[in-house]
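Everything on this sheet refers to the single structure shown next.
What follows is calculated from the coordinates using simple rules that are stated; it is not laboratory data. As the structure is a prediction and not an experimental result, all values here were calculated from the model. FYI the Cβ positions are ideal-geometry reconstructions off the backbone, even for glycines, and counts take in every protein chain you see.
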Amino acid sequence: MIKKTYQEINEKIRKGEAVVVTAEEIIGIVKEKGIEEATKQVDVVTTGTFGPMCSSGAFLNFGHSDPPIKMSKITLNNVTACGGLAAVDTYIGATEESLDRGREYGGAHVICDLIDGKEIELKAKASPTDCYPRSEVQTNVRLEDLNEAYLFNPRNAYQNYAAAINTSDKKIYTYMGILKPSKGNINYSTSGELSPLLNDPNYRTIGIGTRIFLAGAQGYVSWQGTQFNSSANRGVNGVTLGPAATLAVIGDLKDMDTEYIQPAVFENYGTSIFVGIGIPIPILDEDMMKKVCVENKDIYTSVIDYSVKKKNKPSVAKVSYEELRSGKVVIDGKEIKTTPLSSLQKARKIANELKFWIENGNFFIQEPIQRFPQNNIVKAMKIKEE
């Protein structure tokens with residue numbers, strides 16, 4: 001059996017000798033050359049995804065004022081940010097809405113305005129103390145004025161995600177977009193065969209410490225993401241059949257580019273943020289090669305009825321990403337239009353950009369320092385019964 005190590009692959013990257021292809025390109029190579037020969041030839045397969053990832057935000061440090069203040073009630077461009085941290089630290093969540101503009105502007109816009117070099121207004125109030133005597137501050141800052149500014153997203157890059165449909169007789173507005181009545185459309189939000197965790201379904205190479213492409217910068221997987229479900233049902237080649245693993249990721253806001261991270265407003269729902277993530281998969285052996293040549297026709301997900309006002313919404317069908325990507329699926333004899341929320345064009349661009357970085361020796365593969373749990377389940381909120 002063919003075996004490669006991270007060290008061997010990184011040495012080839014250092015010498016400019018590594019063979020790097022995208023997760024779409026590897027499919028044709030394997031069909032032409034077979035698993036064994038493809039494993040010998042290819043060192044790294046790059047993946048990519050670009051879609052709405054609500055569980056995102058940024059930690060910011062503004063530096064101390066004179067006299068100093070221990071900020072508690074904080075707004076950035078009139079969007080509430082988190083107090084309760086150290087004196088001049090804050091966290092702003094992507095989905096937090098503006099106090100005066102409502103759902104049309106939120107934390108996602110603040111984050112992207114900072115990345116674009118725009119000036120934002122900081123307002124903060126505090127209860128004075130002996131060491132922090134100031135009671136309020138109002139100033140304008142740019143990203144370059146901050147000491148630290150880093151994206152820290154608790155739940156990104158879902159390993160498969162259910163598609164959405166509406167069986168009721170009324171239009172509904174969701175984080176999956178507008179769903180028309182009477183099964184009028186299906187929305188989905190995964191890049192299929194390009195998606196990172198669908199190419200490493202058992203998390204052999206993606207874990208804590210993995211170096212990634214994050215919003216145009218080099219970032220890292222910092223932990224398992226929230227609602228990490230490694231016990232999800234699996235189909236062909238270990239691919240999960242619905243929402244499973246997620247990633248907590250971190251990266252420097254000062255290196256990011258709004259080509260790969262963008263605010264979004266979902267009608268009658270609120271703000272979100274589109275995040276671009278690319279992860280390199282080192283081809284350590286033939287089993288890894290079998291995983292990365294997964295095709296859309298073999299990746300299935302459930303179509304969930306979002307009109308049901310319960311946590312466990314019913315599934316009306318299982319469909320492949322080949323069907324979803326075709327623009328229509330047939331359920332119960334009815335042809336239904338499908339629409340992606342994620343951008344395949346951007347996912348391809350991310351996978352190719354990451355490929356370029358590796359080929360030019362600007363990005364090296366990082367072995368995880370710890371693997372993810374293999375049998376983790378997601379619990380529901382505990383509600384006290386009356």
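What to note about this one:
- Only the Cβ atoms of Lys and Arg (+1) and of Asp and Glu (-1) were treated as charged; on that basis the dipole of region 63-146 about its Cα centre amounts to roughly 240 debye.
- Listed values (i) 32, 29, 19; (ii) 51, 22, 17; (iii) 37, 29, 18 include one computed from this model; for semi-axes √(5λ) of the Cα gyration tensor in Å that value carries the label (iii).
- Coil-residue trypsin sites (Lys or Arg not before Pro) of region 31-65, DSSP, other Cβ within 10 Å capped at 14: none
- Taking region 63-146 and dividing mean pair separation by its residue count, relative contact order in percent (alpha carbons under 8 Å, at least six apart): 32 percent
- Neighbour counts of C-beta atoms inside 10 Å place 96, 8 in the sequence 8, 96, starting with the fewest.
- C-alpha long axis of helix 25-41 to longest principal axis of the chain, angle in °: 80 degrees
- By the count of neighbouring beta-carbon atoms within 10 Å, fewest first, 322, 144 end up ordered 144, 322.
- Inter-site label distance for residue 370 and residue 334 at 7 Å from Cα along Cβ, in nm: 4.8 nm
- In degrees, nearest ten, helix 6-15 long axis to first principal axis of the chain (Cα): 80 degrees
- Efficiency of FRET between residue 345 and residue 152 - r from beta-carbon atoms, R0 30 angstrom, step 0.05: 0.65
- Relative contact order for region 1-47, counting Cα pairs under 8 Å that sit 6 or more residues apart, in percent: 49 percent
- Here the Karplus relation 6.51 cos²θ - 1.76 cosθ + 1.60, evaluated at θ = phi - 60°, turns the backbone of region 274-291 into coupling constants of 8, 10, x, 10, x, 10, x, 10, x, 8, 7, 6, 5, 5, 5, 5, 4, 6 Hz, with x for every Gly and Pro.
- Each of 15, 297 was scored by other Cβ atoms within 10 Å of its Cβ. Listed from fewest to most, they are 15, 297.
- Relative to the longest principal axis of the Cα atoms of the chain, the long axis of helix 344-359 makes an angle of roughly 90 degrees.
- Residue-wise HN-Hα coupling along region 230-235, computed from phi with Karplus coefficients 6.51, -1.76, 1.60 (Hz; x: Gly, Pro): 7, 9, 4, 5, 10, x
- Relative contact order of the chain: 24 percent, from C-alpha pairs under 8 Å at least 6 residues apart in sequence.
- Estimated from helical segments only, the mean residue ellipticity of the chain at 222 nm is -5000 deg cm²/dmol, where each DSSP H run of four or more residues counts as -39500 (n - 2.57).
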